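Inspection log for the structure reproduced underneath, given as structure tokens.
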Amino acid sequence: METQKQKKSFGQWLKTSITVRMLMVGVLILFLLIPLSYVQSLIQERSHRQKEVVNEINQKWGNEVLLYGPVLKVPYQIHNIHKRWDEKTKSYHKDDIITINYAFFFPNTLDIKTDIESETLGRSIYESVVYTADIKIKGSFTTPNFETQDVAEKDILWNKATIVVNSTNLKGIRSNLELEIGEENYPLRSKYTQNSYTNTMETKFLKETALPKENTIDFSLDLIINGSEQLRFIPVGRETNVSMTSNWASPSFNGNYLPDTKTKAITENGFKANWKVLQINREFEQEFFGELPEINSSAFGVKLLIPVDEYQKSERAAKYGYLVIALTFLVFFLIQAISKIHIHPFQYLMIGLALTMFYTLLISISEHASFLQAYSIAGTAVVALISIYSKAILKSFKFMIFVATSLAALYLFIFVIIQLENYALLVGSIGLFLILGTIMMISRKIDWKNE
């Protein structure tokens with residue numbers, strides 16, 4: 001009889017002990033991290049799928065455009081004197097071994113005017129921003145200087161000089177490229193380039209009238225090209241001026257140089273921007289001997305952004321899933337501890353699974369609607385579901401209202417943090433401080449004697 005009483009008291013203690021309830025809630029929170037991690041994996045998988053589709057669209061239309069040039073390429077001879085001992089004459093003979101090297105000279109002035117006509121292309125539920133750029137290039141070459149290499153005039157092979165232009169995305173070019181220099185037009189032909197990010201285009205040998213041997217020579221080049229995401233230029237001119245206009249309203253100016261703030265303008269109808277880069281602003285010279293250097297890191301330009309990345313926001317929302325589950329369980333625990341209402345572990349589990357369903361609803365709806373609409377629909381559905389369920393297990397309308405209000409406030413708080421970037425940490429810290437203070441005030445009413 002006494003043993004049964006002890007068993008009954010132990011069972012009663014398990015049912016009513018606050019410590020046991022707290023341990024149970026903690027174990028359930030840890031258990032719910034498993035489905036929450038699967039949700040985060042799902043978001044990443046869908047995000048990767050989006051990137052794959054966008055890359056496929058971009059490859060067919062045309063990838064990003066990086067323009068490097070025009071550059072004057074002049075070959076010259078290098079004499080290597082080799083002494084050879086002649087046994088017959090018992091003397092040294094000097095052999096003049098001639099090798100060909102190349103000198104590259106950047107323009108004195110480079111003016112680029114670009115008009116970007118952008119649009120979005122979609123496949124299934126995914127979209128990518130693409131554009132057609134009308135690029136007009138003008139500039140001039142001054143007389144090359146070989147003094148630093150001590151090259152004699154007779155060793156300069158002027159008759160084999162050419163103009164080189166490097167660019168990515170040759171597939172996107174939509175116009176015949178003819179460089180006008182002096183009084184002649186020179187078609188640009190692509191050449192095979194190994195292990196290089198950019199592709200090389202080169203003219204045939206320049207005529208005497210097109211060579212800047214004594215006077216400055218002007219050049220011009222018109223280019224129409226399809227591209228995607230971004231358009232960049234390398235400031236190879238002693239003075240480089242770039243002006244850009246577009247109908248895309250969400251630009252991101254990137255690279256080593258930002259546009260002039262006085263000329264930059266962004267409206268709902270598009271943007272315009274101007275750059276001016278001088279030689280003193282760069283980290284490279286006006287001429288190179290041997291080979292053309294890799295200076296892609298000096299590029300600047302614009303990236304056309306899709307205004308909203310739904311997957312990125314969904315991923316940020318999922319990172320707060322642990323907080324949402326813990327605070328919601330805490331609300332039910334406080335209600336249970338204060339009101340002495342028994343809540344079964346299975347009921348906690350159902351509430352936790354409903355909370356994780358919010359993120360699958362969010363990611364699936366956001367693929368077909370805006371993030372605000374998806375967040376509102378998913379949040380309303382989960383709050384309504386848990387509120388109705390709480391009415392059934394708590395047997396109180398006022399507790400149902402309290403649960404609904406707490407959940408709605410929590411989801412609103414998370415949404416505000418997601419929208420903020422610069423003030424997310426500040427707002428989040430203040431919000432968590434207020435939540436902690438509220439919990440401390442409510443927990444005073446708990447009878448902690450029943451441990």
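For residue 238, which of the numbered conditions (1) free of Cβ contacts under 8 Å to residues at least 60 places away in the same chain; (2) more than 24 Å from residue 171 (Cβ to Cβ); (3) open to solvent by 80 Å² or more (accessible area, probe 1.4 Å) fails to hold?
(1)
Scan (1) within 25 Å of residue 295 (Cα to Cα); (2) open to solvent by 30 Å² or more (accessible area, probe 1.4 Å) for the single condition residue 212 breaks and write down its number.
With (1) within 25 Å of residue 295 (Cα to Cα); (2) open to solvent by 30 Å² or more (accessible area, probe 1.4 Å) applied to residue 212, the lone miss is (2).
Pick from the range 216-246 the residues that are assigned to a loop (DSSP other than H, G, I, E, B) and either modelled with pLDDT of 90 or more or under 21 Å from residue 105 (Cα atoms) (or both): which of them is nearest to the chain's Cα centre (by Cα)?
This residue is 234.
Please verify whether the range 162-170 includes one or more residues that are open to solvent by less than 20 Å² (accessible area, probe 1.4 Å), over 31 Å from the mean Cα position of the chain (by Cα) and over 19 Å from residue 61 (Cβ atoms).
Within the range 162-170 (the criterion being open to solvent by less than 20 Å² (accessible area, probe 1.4 Å), over 31 Å from the mean Cα position of the chain (by Cα) and over 19 Å from residue 61 (Cβ atoms)), the answer is yes, since at least one residue qualifies.
Taking the stated definitions as given, is residue 252 farther than 25 Å from residue 108 by Cα, buried (at least 16 other Cβ atoms within 10 Å of the Cβ) and under 23 Å from the mean Cα position of the chain (by Cα)?
For residue 252, the condition - farther than 25 Å from residue 108 by Cα, buried (at least 16 other Cβ atoms within 10 Å of the Cβ) and under 23 Å from the mean Cα position of the chain (by Cα) - is not met.
Could we say that residue 205 is closer than 29 Å to residue 121 by Cβ, touching a residue at least 12 places away in the same chain (Cβ under 8 Å) and out of contact with any Asp or Glu (no Cβ under 7 Å at 6 or more places or on another chain) here?
Spelling it out, it is not the case that residue 205 is closer than 29 Å to residue 121 by Cβ, touching a residue at least 12 places away in the same chain (Cβ under 8 Å) and out of contact with any Asp or Glu (no Cβ under 7 Å at 6 or more places or on another chain).
Restrict the check to the range 85-108 and report whether at least one residue is under 30 Å from residue 61 (Cα atoms) and at pLDDT 80 or above.
no
Tally up the residues in the range 258-295 that are within 30 Å of residue 118 (Cβ to Cβ) and open to solvent by less than 40 Å² (accessible area, probe 1.4 Å), please.
9
The values are calculated or read from the model by the stated rules, or taken from the named source; none is laboratory data. Note that the structure is a prediction, hence the values are computed from the model and not measured. All Cβ positions, even for glycine, are placed from backbone atoms using ideal geometry, and neighbour counts span all protein chains on display. Each accessible area value is taken on the protein alone, full model and side chains, heavy atoms only, with ligands, DNA and RNA left out. Shrake-Rupley method; radii C 1.70, N 1.55, O 1.52, S 1.80 Å.
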